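Every read-out reported here was derived from the displayed coordinates using simple, explicitly stated rules and does not represent laboratory data. Computed from a predicted model, the values in this text were never measured in an experiment. Here the Cβ positions follow ideal geometry from the backbone for every residue, glycine too, while neighbour counts run over all protein chains shown.
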Amino acid sequence: MGKFVKRSIAAVLALTMTVLLPAVSVNAEPQPEAADTASQQTELSDFEKQKQASYNTVPETNNIDGWPEGPKVYGDSAIVMDMDSGAILYGKKIDERHYPASITKLLTVLIALENSSMDDEVVMSQESIDILRSDYASIGMRPGEIISMKDALYATLFASANEAAYAVGENVGKMMGGDYSTFIQEMNDRSAELGCTGSHWTNANGIHDEAHYTTAHDMALITSELYKHEEFREIEQSLSYTIGPTNMVNEQRVFQQHHKMLWPENQNYYEYCTGGKTGYTDAARTTLVTTADNGTLRLAAVVLQDDGDVYGDTRAMFDYAFGNFSKVMLNGEEKPDGIRSYVKNDAYVLLPEGADFGSLEEKITVQDEREASGRVTFYYQGQNVGSADVTLTPEYIEAATGYSTRLRPAGGEEGTGGAAAEEKTVDVSVPVPLAAAAGILILVALGITIYGIAGHFAAVNRKHGRIKKRRKSKRKK
């Protein structure tokens, strides 16, 4: 009986262990844990290969004859652009489309600054809160809560708060006479006006959408325009900000600057950094926009889809740009044919050592033929080294557009014959200053005429008055 009991107990224990614990066999297929580990190792290996391949990709600017060799970076696309002249000093796949993630918020802030005031109210709608997920950046706003535009922009840039960015778009859209979609349309229209050619925007915060994308070059253009706003520069150079109690929350909200190159105690600190915006999604990977000013040049650096050291990449790009290019003042050089003068006396191009201004090519764009205004862009071996606003000569305007400041037959020279001569229509276009002067003379002449007529009627009335007085005087007699 004792052996039977022992055997029964052993059998029960064995059965229990079989049910509770997974079977282990040296001949079995790898367990899920082991399979996941192997998969992760394979993925990690592929990830490292892709990262290294991106790092090994040579920037296009390194292939320009006579151009200084720039650093390799992990970013799939990267650019350094001078914000004042538009010169592109470093370029790696600058026109390739990528998902921007939260650097989208730079364009959001630009549209807000151009269409609202810092003391405007921003009301949090239910929609602005509903777009949030548990892993989205947020400052815990509530539906119906009200903050100032200034607070909202700090939250958008500092904390990368997605509900704040949405609310900015929604409220500014209403100020523009529409709604959130009006704001999004303005994002697309404004970026196109700035010369962006590879961007499309579907939201104000950078939440992933396959139809929401941009390029390194486009982001540099947007950043350069945004940098003109003092309010943006003030926000970007701050390290922390506090939103006080609101209509719904009695506590303060305190948040800090996320861009590590601004913090003196951080290992990524860069003495010339003046601001920027961080971004990340699984699809976009790490994105980063940074501005820097060394007292001579004001630069914007953009890195997209970076899986390496994005701050190290940005530092290397800035050091390269600051150390290899110098200003050449345009007023000190011979003007290209067609340019009468530069609008700004301090206009310049940026050239590497050994490059001669005389070797540059230029492209002139007429902006307003009546005002004779235009813009010239200079190129070194096809590379943009700077642009400037200009006043154009009448001869260039006429050759480029057909607009003339002279009275002449529209059909061309006299005696040329043909249908144009038979029409005998005359182009009476005149320069704006002459037209203005003529208008003033017409107004003066008209005024004199009116004054004369009024004087005539006044004299007549006075004469009639005297006659009536004389008649009354005679009756009394």
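In terms of Cα atoms, the Rg and Dmax of the stretch 56-324 work out to 17.9, 62 Å.
When each of the peptides 266-277, 314-325, 75-86, 135-146 is scored by how many other beta carbons lie within 10 Å of its residues on average, the order from highest to lowest is 75-86, 314-325, 266-277, 135-146. Most tightly packed first, judged by the mean number of other beta-carbon atoms within 10 Å of their residues, the peptides 298-309, 52-63 read 298-309, 52-63. Using only alpha carbons, the stretch 84-230 has a radius of gyration to Kirkwood radius ratio (Rg to Rh) of 0.96.
Legend: distances between Cα atoms for LYS49/LYS93; LYS105/LYS363; LYS51/LYS72; LYS92/LYS228; LYS150/LYS277; pairs beyond 21 Å are LYS105/LYS363; LYS92/LYS228.
Each residue in PHE47, PHE378, PHE232 was given a count of other beta-carbon atoms within 10 angstrom of its own, and listing them fewest first yields PHE47, PHE232, PHE378. Put one equal scatterer on each alpha carbon of the stretch 333-413, apply the Debye formula with no solvent term, and list log10 I(q)/I(0) at q = 0.19, 0.25, 0.27 1/Å to two decimals. Each listed q maps to, in turn, -0.81, -1.19, -1.32.
Using +1 at the C-beta of Lys and Arg and -1 at the C-beta of Asp and Glu, which of TYR380, LEU392, GLY358 has the Cα lying farthest in the positive direction of the dipole of the stretch 333-413? Looking along the dipole axis, the top candidate is LEU392.
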